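The values are calculated or read from the model by the stated rules, or taken from the named source; none is laboratory data. In this text, all values refer to a predicted model and were calculated from it rather than measured experimentally. Positions of Cβ are generated from backbone atoms using ideal geometry, with glycine treated the same way; all protein chains shown enter the neighbour counts.
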Amino acid sequence: MKKIFALLCFISSIAHAQFIINGTLTDTLKTDWVLLYHVNGTQQQFVKSAIIKNDSLLIEGKKQRIGRFQFEIPADTEVGSYRVRYNTSDTGFVNFIFNKENISFSFHPKYPEETILFSESKENIVYASYLNEIAEKQQKLDSIQIAAIKNPKLHLKERYKRTLAQLESSYQKYVLIARELYVFPFVKASFRANPSEIKTSPEAYMSFITTTFFNNINFSDSRLLSAPFLIDKITDYIFYINYSDNKTTQQMLFKKGIATVLSKIKTPLYRKEVIEFLIAQFETTKNIEIIDFIFENHYNKLPKELQSLSFKNEKKALLAAEVGRIAPDFSWTENDQDFRLSTLTDAPYYLLLFWSTDCGHCLREIPELQQFLQDQRKIKVIAFSMENSAKNWKTMKMALPNWHHILGLNKWENKIANSYNIHATPNYFILDENKKIISKPVALEDLKAALREL
């Protein structure tokens, strides 16, 4: 009997050795799943999934559809930053801190960051309360600052100082409240530096913001390094704080901002993660100048054991055929004569065209393109036909005289086409005499417009 009782106690202790994460969506979704991730710096690791159970609440006499989900996690779950994702969009998630306590929260799935409300979890309640109170008072201070910039003659110095004092008082209050909590470094790091005296020019104000942006952030704190918070701050600084309408100035600001951020990161592994994150961000806009800058000035200066040759080769290949790059070189034989792209000298400009004889769009566009180019003497066409056999190509190329013609067998597996990242046809590349890619028009009309400007 004693053994049975001891066994029941043991089983009971196991059953209670876990924590519960409860979530409520204040609107329903098309999907019925949510995923829990552990976030570590720029990476996120899947933990488990849960089903959303639809329900309804009576609010002011009206039924409102809601969704509920629950995660049960073991008592030994690692403390840190976690994320619940409910769709694949960039904003389809909520973040929170786990520190060995049950967590309950609600949010509207369309506006997660603005609507999340914690009802259980001291860590998250304190931090959310702090963010809300500080945001409200910071907004008041900012409105006074903006008014002073718009009209420097306004007497706002004393009002600014009073509001600043109230803001700093709220901050100090939460510093004391959070001192023993996991969120303490987040409280300190998220408090923005403000000028002690009101600024009366936008240049002076922005100069202060950019030079003090990271003042309260400890880049050596492991809790910050493992959270999405720090990546968000880095993103804000590089892409939003350092902004210019002028393209040349913007490129300069990007380089300066990246150098500033990386100079503050002393942990080599985290520096590598941030560098790779930034490369991925600039990859989305095909900003090869900045990607080259990051590789040359930062990635290649990481300790050798942290550098990945496969990562570098992957990015090099992915961006090899972007505007600004020298077109990947290749050779071919035409009418018993050998040619190489890099050594062609028969025109000041070249149109490299990837097409196929079984491509409907190609068959419509190419005759029109040929007619358009009939009177063009400074453009030479290099027609690379992606085929599985040479039969149709041999016939059709005869209707396109005075073009260079290349047969690319194995179609989508063709190595030359792959070096240009060709996934559809037709595909156009305009090259200058040095074979530098100067334009990649997509539509035929855009191609014509670009060629007219040469």
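Among (1) over 29 Å from LEU25 (Cα atoms); (2) among the hydrophobic types (A, V, I, L, M, F, W, C); (3) touching a strand residue (DSSP E or B) at 6+ places or on another chain (Cβ under 7 Å), which single condition is ILE125 missing?
ILE125 satisfies all of (1) over 29 Å from LEU25 (Cα atoms); (2) among the hydrophobic types (A, V, I, L, M, F, W, C); (3) touching a strand residue (DSSP E or B) at 6+ places or on another chain (Cβ under 7 Å) except (1).
Condition test on VAL94, is it out of contact with any Ser or Thr (no Cβ under 9 Å at 6 or more places or on another chain) and crowded, with 16+ Cβ neighbours inside 10 Å?
Against the criterion (out of contact with any Ser or Thr (no Cβ under 9 Å at 6 or more places or on another chain) and crowded, with 16+ Cβ neighbours inside 10 Å), VAL94 qualifies.
Across the range 117-126, which residue is nearest to the chain's Cα centre (by Cα) among those that are crowded, with 18+ Cβ neighbours inside 10 Å and closer than 29 Å to ARG65 by Cβ?
ASN124
Just to verify a result, which residue in the range 2-33, among those that are among the aliphatic types (A, V, I, L, M) and modelled with pLDDT of 95 or more, is surrounded by the most Cβ atoms within 10 Å (Cβ to Cβ)?
The residue in question is ILE21.
Give the residues of the range 204-231 that are assigned to a loop (DSSP other than H, G, I, E, B) and not aromatic (Phe, Trp, Tyr), sorted by residue number.
Matches in the range 204-231: ASN215, ASN216, ILE217, ASN218, SER220, ASP221, SER226, ALA227.
Give, as residue ranges, the helices (runs of 4 or more DSSP H) completely inside the range 232-323 that count at least 3 residues that are at pLDDT 95 or above and surrounded by 13 or more Cβ atoms within 10 Å (Cβ to Cβ).
Ranges flagged: 247-264, 268-284, 288-297.
Identify the single condition in (1) buried (at least 18 other Cβ atoms within 10 Å of the Cβ); (2) touching a strand residue (DSSP E or B) at 6+ places or on another chain (Cβ under 8 Å); (3) outside any loop (DSSP other than H, G, I, E, B) that TYR130 does not satisfy, given that it satisfies every other one.
(2)
Which one is surrounded by the most Cβ atoms within 10 Å (Cβ to Cβ), of the residues in the range 68-91 that are touching a residue at least 40 places away in the same chain (Cβ under 8 Å) and of a type in the set (D, E, K, R)?
Among those residues, the one meeting the criterion is ARG85.
Need the failing condition index for TYR111 against (1) farther than 27 Å from LEU225 by Cβ; (2) at pLDDT 95 or above; (3) hydroxyl-bearing (Ser, Thr, Tyr), just the number.
(2) is the only condition that TYR111 fails.
Condition (residue is part of a strand (DSSP E or B), farther than 28 Å from ARG223 by Cβ and not hydroxyl-bearing (Ser, Thr, Tyr)) applied to the range 71-87: is it met by at least one residue?
no
Given the conditions (1) without any contact (Cβ under 8 Å) to a residue 60 or more places away in the chain; (2) assigned to a helix (DSSP H, G or I), which single one is not true for ASP338?
Exception for ASP338: condition (2).
Out of all the residues in the range 275-285, is one or more closer than 30 Å to LEU369 by Cα and aromatic (Phe, Trp, Tyr)?
no
Are there any pairs with C-beta distances below 6 angstrom linking a residue in the range 168-188 that is touching a residue at least 12 places away in the same chain (Cβ under 8 Å) to a residue that is acidic (Asp, Glu) and surrounded by fewer than 17 Cβ atoms within 10 Å (Cβ to Cβ), with the two at least 6 apart or on different chains, and if so which?
Within 6 Å, the pairs are SER170/GLU133; PRO185/ASP221.
Could you list, in sequence order, the residues of the range 97-114 that are surrounded by 15 or more Cβ atoms within 10 Å (Cβ to Cβ) and in a helix (DSSP H, G or I)?
PRO112, the sole residue that qualifies.
Cβ-Cβ under 6 Å, sequence separation 6+ or interchain: first residue in the range 30-58 and closer than 23 Å to PHE19 by Cβ, partner of a type in the set (Phe, Trp, Tyr) and loosely packed, with under 11 Cβ neighbours inside 10 Å. Which pairs?
TYR37/PHE46
Output the number of residues of the range 58-70 satisfying the condition of being in contact with a strand residue (DSSP E or B) (Cβ under 6 Å, 6 or more places away or on another chain) and either aliphatic (A, V, I, L, M) or in a loop (DSSP other than H, G, I, E, B) (or both).
Selection size over the range 58-70: 1.
Can you name the number of the only condition in (1) of a type outside the set (Phe, Trp, Tyr); (2) in a helix (DSSP H, G or I); (3) buried (at least 19 other Cβ atoms within 10 Å of the Cβ) that LYS188 fails?
(3)
Exactly one condition in (1) modelled with pLDDT of 95 or more; (2) closer than 16 Å to TYR127 by Cβ is false for PRO228; which is it?
Result: PRO228 fails condition (1) only.
If I ask for residues that are at pLDDT 95 or above, closer than 22 Å to SER226 by Cβ and surrounded by 13 or more Cβ atoms within 10 Å (Cβ to Cβ), which ones from the range 40-67 would you list?
Hit for the range 40-67 is VAL47, nothing else.
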